[in-house]
Amino acid sequence: MGEGPTPAKDKKTPPTDVLPEDFRTLEEFSEFWDTHSTADYEEVMEPVEVEIDLASSKIYCPAAKDLLVQIRQQARKQGVSTETLINLWLQEKLRASAQVAEEGRGSGAYHAPFSFDGRASEAKGCCE
């Protein structure tokens, strides 16, 4: 009847599952942490020092949605990420433009890789 306040626990309740020493796959790691809280494992975790550089070396450029869909499909076909494919294409295009500019210096002519309306000119490039 005369129950008093419940005494506070001095120690945390141990987690119900033992934290694995190592995970065999990323999927196994994900499955474990999808169903567990890191708060339950604070007693077994060790502090670490980490330096994070928040300055990004990436610049984001808008692209037409239909164009991006095509680029993603092409990237999947080649087995690379969309970002990797775009960077490879841009590198190829820059190399080709530099070569055209070098060849044109002797004649004084310049051949732009793109027409004024934004479409690719007759010079064949990497993005076709």
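Read-outs throughout are calculated quantities, based only on the coordinates presented, and are distinct from any laboratory measurement. Worth saying up front: this structure is predicted, and the values here are computed from it rather than measured. Positions of Cβ are generated from backbone atoms using ideal geometry, with glycine treated the same way; all protein chains shown enter the neighbour counts.
Taking the alpha-carbon centroid of each part, what is the distance from the range 22-45 to the range 47-96 in angstrom?
30
Which order do peptides 69-75, 53-59 fall in by mean Cβ count within 10 Å, highest first? Intermediate values should be presented prior to the final figure.
Numbers: 69-75: 13.6, 53-59: 5.3.
Going from most to least packed, we get 69-75, 53-59.
Output wanted: per-residue J couplings in Hz (rounded whole) for the range 61-74, from phi through Karplus 6.51 cos²θ - 1.76 cosθ + 1.60, θ = phi - 60°, x for Gly and Pro.
Running phi through 6.51 cos²θ - 1.76 cosθ + 1.60 with θ = phi - 60° gives 10, x, 9, 4, 4, 5, 5, 5, 4, 5, 5, 4, 4, 5 Hz.
When the Karplus curve 6.51 cos²θ - 1.76 cosθ + 1.60 is applied with θ = phi - 60°, which whole-Hz ³J(HN,Hα) does each residue of the range 80-97 get, with x for Gly and Pro?
10, 6, 4, 4, 5, 4, 4, 5, 5, 4, 5, 4, 4, 5, 5, 4, 5, 5
Mind listing the phi-derived Karplus ³J(HN,Hα) values for the range 22-29, rounded to whole Hz, using 6.51, -1.76 and 1.60 with θ = phi - 60°, and x for any glycine or proline?
8, 9, 6, 9, 5, 4, 4, 4
Measuring from label point to label point, each 7 Å out along Cα→Cβ, what is the Val80 to Phe32 span in nm?
3.5
If I take all pairs of Cα atoms in the range 23-70, what percentage of them are more than 14 Å from each other? Walk me through the intermediate numbers first.
On the way: 854 of 1128 pairs.
Cα-Cα pairs of the range 23-70 separated by over 14 Å account for 76 percent.
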